[in-house]
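**Student:** Once you've had a glance at the structure underneath, I'll fire off some questions.
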Amino acid sequence: MGGSRRRVGFTLVELLVVMAIIGILVGLLLPAVQSAREAGRRAQCANNIRQLTVGVLGYVTVSNQFPPLGVISDDPNKSSSATGPPPSVPIYQGIASWINPSSSSTPDQLEVPMYNWVVEVLPYIDQATLSNSWIKVGPTPYGTGPYSFTATATVGQGTPSNNKISSTDISVLVCPDDRTIVKNQGNLSYVANMGISLWPAVPYGWSAPQFDGGGAGPSCMPTGQDLGEVTWSFNVGVCRCLGLMFMEDNGNYGPTTTMPWNVRNNPASLVDGASQTLMLSENTLVGVSGPNAFNRGISTNWATPLPTFCGFMTNLSCGPPPCYCPAGGNNPGQDVDGPGWATANPPGQPGGINYGQNLSIEGSYPYSNSAHPGGCNMSFCDGSVRFIKQTINSTVYAKLMSPAGSKVNILYRQMPLSEDEFVP
């Protein structure tokens, strides 16, 4: 008995149609999934920087001042006395041999990189054990003791060295999007606001590299002269108003020694407002590295006190002698900001936010830099955290960097900042 047979299964055309539909759905969903993952990582990064900001504010509450950006034990034979630098000994001869990576001066055994702001805030980020183990002072001069962040010597059996401590990974110090992480080496993704220079007494600037290994070096330093006390004190006064944390020189005698060019801000220094002053930012080009051209040939981690490894700055141009601070400034007699501030954040150019995504050498880019598309997580001195777009107006960005831009010398004074210029 004849009849048609019932077909079972799918035809090839039907299978192809189903596969095409699935492919389209996957293509539509995949970007959403990736976007959700990036949003999650960015949120975790923001939480990390928020915890670090709370840690810094904890330090400020106890000390009534912000921590130093970094501390270097300077050779007193290459530095000046606390009464002021004699003409024959430039004040930058000792400490600058560490701060300035292009310096021809080789740091001697008495010039020791000690620690940075991260070490100071350890007790306030739930790391009291590491803080209590850190070796800051001792019976011998710094240059002959186990006080550097690179020191492998200890002060007693069972006591970890500073190098062992600073090679310990701490999750809150690392952005989950940071692609430069090396496990168990003491990674770091966050840096502090150092304003316009690597060191305020002699305002070293930085020429941002256009590619790995090219173009980096100081751009705001005096040449061919010794600086007198009046000059460097003026520089410190200007730079203090335009940044938050700064390098310190302890003169080889310990953290209680106050060199005349050391300066710290405190809550009263934030005259522009804590909510309008940046504190911390991301930078994926700091933290763990082997010896390179920017760290004076030493390996680095989260305790490194070299400014390009623990701080971020603006990309301002320099002014003519005798003032070596940026020629941002005000237009005398005009109720507008001077044109120089417009160089603070050149979008898509060296020195701009996230241009460092094109680079890979640690310590080569002391500017805001993240692995997030479109901008960086940054924190403010009131404890808030915001995602600052890499296209932010340069003049606005320069004002956010400065705690007292409205009170600085008239040549550099800034106009007031409206919150709607940076708050979404």
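The values are calculated or read from the model by the stated rules, or taken from the named source; none is laboratory data. Here the structure is a predicted model, which is why all the values come from computation and not from measurement. Glycine gets a Cβ as well: all are built from the backbone with ideal geometry, and neighbour counts include every protein chain shown. To get the accessible areas, we keep the full protein, side chains included, count just its heavy atoms, and leave off ligands, DNA and RNA. Shrake-Rupley method; radii C 1.70, N 1.55, O 1.52, S 1.80 Å.
**Student:** Highest mean first, how do 356-368, 156-168 rank when packing is the count of other Cβ atoms within 10 Å averaged over residues?
**Tutor:** Averaged packing, sorted descending, gives the order 356-368, 156-168.
**Student:** Taking 41 Å as R0, compute the FRET efficiency from the Cβ-Cβ separation of SER171 and THR11 and round it to 0.05.
**Tutor:** Approximately 0.15, to the nearest 0.05.
**Student:** Same structure again: Can you spot the lysines whose alpha carbon is less than 16 Å from LYS164's alpha carbon? Ignore those fewer than 8 places along the same chain.
**Tutor:** Correct list for LYS164: LYS136, LYS183.
**Student:** Express in nm, to one decimal, how much length is gained between VAL155 and PHE387 on full extension, taking 0.36 nm for each residue of separation and deducting their alpha carbon distance.
**Tutor:** Extra length from VAL155 to PHE387 when fully extended: 79.2 nm.
**Student:** By accessible area of protein heavy atoms, probe 1.4 Å, what ranking do ASP272, ASP212 get, highest first?
**Tutor:** Output order, biggest surface exposure first: ASP212, ASP272.
**Student:** Another question about this same structure. Given the C-alpha atoms of segment 376-424, compute the convex hull and give its volume per residue in Å³.
**Tutor:** Roughly 78 Å³ of hull volume per residue.
**Student:** Sort all Cα-Cα distances of segment 329-424 into consecutive 10 angstrom bins from zero, then give the percent of pairs in each bin up to the one containing the longest distance.
**Tutor:** Calculated over all Cα pairs of segment 329-424, the distribution is 15, 43, 32, 9, 0 percent.
**Student:** Once you place label points 7 Å from the Cα toward the Cβ at GLN44 and SER233, how far apart are they in nm?
**Tutor:** Each label point lies 7 Å from its Cα, and together they span 5.1 nm.
**Student:** To continue, here is another question. Quick check: pseudo-label points 7 Å beyond the Cα along Cα→Cβ at VAL62 and ASN184, how many nm apart are they?
**Tutor:** 3.0 nm
**Student:** Also: How much of CYS376 can a 1.4 Å solvent probe reach, expressed as accessible area in Å² and rounded to 10?
**Tutor:** Looks like 0 Å² after rounding.
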